[in-house]
Amino acid sequence: MCKDQVDSISFFSSLPEDITFKIASLLQDRDLCALGSCSKFWRQLCFSDSIWHSLVTNRWPLLHSSLSPYVKTWRRLYFERHIELGIRAGSVERFMKACSRNESLEVGDYLQAFETINGAMFGYEDIQRFLFKPQMNVLLNLVGVHYCIAILGIRGDDLVDVLRTCQISNRHVCVKWWKLGRWVYGYRGRDELLFRWVSLGDLATEEDGSVLGVLRRGTIHEVLRVQISAVGHKSIPWSYQVTQRLE
Amino acid sequence: MASSSSNLISLKTSDGTVFKVERALAKTMKTVQAIIEEADANIYMIPIHNVFSHHMDMIIDYYKLSVAGKSKEFSVEKLDNDELKDFLLAVHYLNMEDLFEVLTQAVADRLEKKSVGYVRKYFGIENDFTPEEYAAIRKKNDWAFKGDDIEPEEDEEKQEE
């Protein structure tokens, strides 16, 4: 759409200040920086600290209350926290990659990755920006989905919509777990291998939360081992086999 | 036609058209409401400057949708930037909270994920930075553009001087 510029008055210069401020306050960080790079007037408006204050409180409502009153601009704080979370996500990604064998991850490592995200107190927007990228390993997406459901309490259609927007809702994982064979008439039975093949979207809407329950509990009681794989991995390493033996 | 005895308020736009609107709609216009309350006698006709009849049409559309619980269906997509700006100014003058939120959000949405060059051109913002100043700003804000599909400078060369 070509704009006829009859006079040189720009779209914004004839808007009263309260309107222009309001519009700037509705922008996300990226668009605010873009607008602030347009001209001196816009730089001054878009990088004013009060606008960044509301960006901080919107994205990290809990952070606000835990701040000590030392001198730092809200803009600086937003920038530093954003970068820090990005670095944290990057290190989790590298960790998971290093621990994976043949696209599969043991639950102990998975839970450690989960705890790293949890410990940094990622917010919903942070998860979307840093963990829900389609070009990342699906196991990292999985950590994000699990975190949203278990920690942020976001599930169901809301979460599925976001997964679709991020183009990851159809990515699949396979969760396998080995249960200790039961004792029957003095004999220990074979260990059971159970598995579930689910999409991230399915996980978000799962009624009983059984798959996430398996992940959350890890190896405990009768569960000997839990392994999560990116789907596509065909062979199931059966390295844990206990044969029958007499008591 | 005395406005206080009926439920309709007469509003006259700057292009001379008279709209008879429900009192409830007039109440959403704080400016109009103030005029009504301040008047000692009944007002027959309230002039609304800066508001044209096509603005009133859209305001009435929005009102009808929001009364039916369908305010999300209201769209200003068909308006170009100047039309949107004029409408925003009209709504701002009338001091209509909800519609003001909708329109400012519409402007913000038009800016979403656009390159700097695009924003400048689209909204007619003149670049008054020296190349050095501009380079410094871009470097400082580079972090915000990481992970973009569109390069922030994509439309820079199309920008008019």
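Of note:
- One residue alone among A:LEU77, A:LEU105, A:LEU45, A:LEU85 is crowded, with 17+ Cβ neighbours inside 10 Å and not in a helix (DSSP H, G or I), and that residue is A:LEU105.
- Flag set for A:ALA120, criterion: in contact with a Lys or Arg (Cβ under 7 Å, 6 or more places away or on another chain) and either within 14 Å of chain B (Cβ to nearest Cβ) or surrounded by fewer than 19 Cβ atoms within 10 Å (Cβ to Cβ) (or both).
- Applying the set (1) at pLDDT below 90; (2) in a helix (DSSP H, G or I); (3) in contact with a strand residue (DSSP E or B) (Cβ under 6 Å, 6 or more places away or on another chain) to B:ALA26 leaves exactly one unmet item: (1).
- Residues within the stretch A:184-198 that are surrounded by fewer than 12 Cβ atoms within 10 Å (Cβ to Cβ) and without any contact (Cβ under 8 Å) to a residue 60 or more places away in the chain, tallied: 2
- Matching option when the condition is touching a helix residue (DSSP H, G or I) at 6+ places or on another chain (Cβ under 7 Å) and either surrounded by 20 or more Cβ atoms within 10 Å (Cβ to Cβ) or farther than 13 Å from A:ALA204 by Cβ (or both), among A:LEU152, A:LEU180, A:LEU139, A:LEU111: A:LEU139
- Subset of the stretch A:187-228 (residues that are closer than 13 Å to A:ILE149 by Cα, assigned to a loop (DSSP other than H, G, I, E, B) and among the small types (Gly, Ala, Ser)): A:GLY209
- Flag if A:VAL175 is among the aliphatic types (A, V, I, L, M), in contact (Cβ under 8 Å) with a residue 40 or more places away in the chain, part of a strand (DSSP E or B) and crowded, with 20+ Cβ neighbours inside 10 Å: yes
- The number of residues in the stretch A:30-45 being in contact (Cβ under 8 Å) with a residue 24 or more places away in the chain and under 29 Å from the mean Cα position of the chain (by Cα) comes to 0.
- Here B:ALA68 meets the list (1) more than 30 Å from A:CYS33 (Cα to Cα); (2) touching a residue at least 24 places away in the same chain (Cβ under 8 Å); (3) hydrophobic (A, V, I, L, M, F, W, C) almost entirely, failing just condition (2).
- Annotation for the stretch B:41-52: at least one member residue is out of contact with any Leu (no Cβ under 6 Å at 6 or more places or on another chain), assigned to a loop (DSSP other than H, G, I, E, B), over 18 Å from B:LYS64 (Cβ atoms) and at pLDDT 90 or above.
- Filter result for the condition that a residue is more than 11 Å from every other protein chain (Cβ to nearest Cβ) and outside any helix (DSSP H, G or I), over B:SER66, B:SER75: B:SER75
- If you go through the stretch A:124-137 and keep only what is in contact (Cβ under 8 Å) with a residue 40 or more places away in the chain, more than 20 Å from A:ASP157 (Cα to Cα) and either within 12 Å of chain B (Cβ to nearest Cβ) or in a helix (DSSP H, G or I) (or both), you end up with A:PHE130, A:MET136.
- For the criterion of being hydrophobic (A, V, I, L, M, F, W, C) and in contact (Cβ under 8 Å) with a residue 24 or more places away in the chain, B:LEU103 passes.
- Considering the conditions (1) in a helix (DSSP H, G or I); (2) within 15 Å of the chain's Cα centre (by Cα); (3) buried (at least 19 other Cβ atoms within 10 Å of the Cβ), B:VAL32 is excluded by exactly one of them, (2).
The values are calculated or read from the model by the stated rules, or taken from the named source; none is laboratory data. Quick caveat: nothing in here was measured; it's all calculated off a predicted structure. Cβ atoms come from the backbone with ideal geometry, glycine included; neighbour counts cover every protein chain shown.
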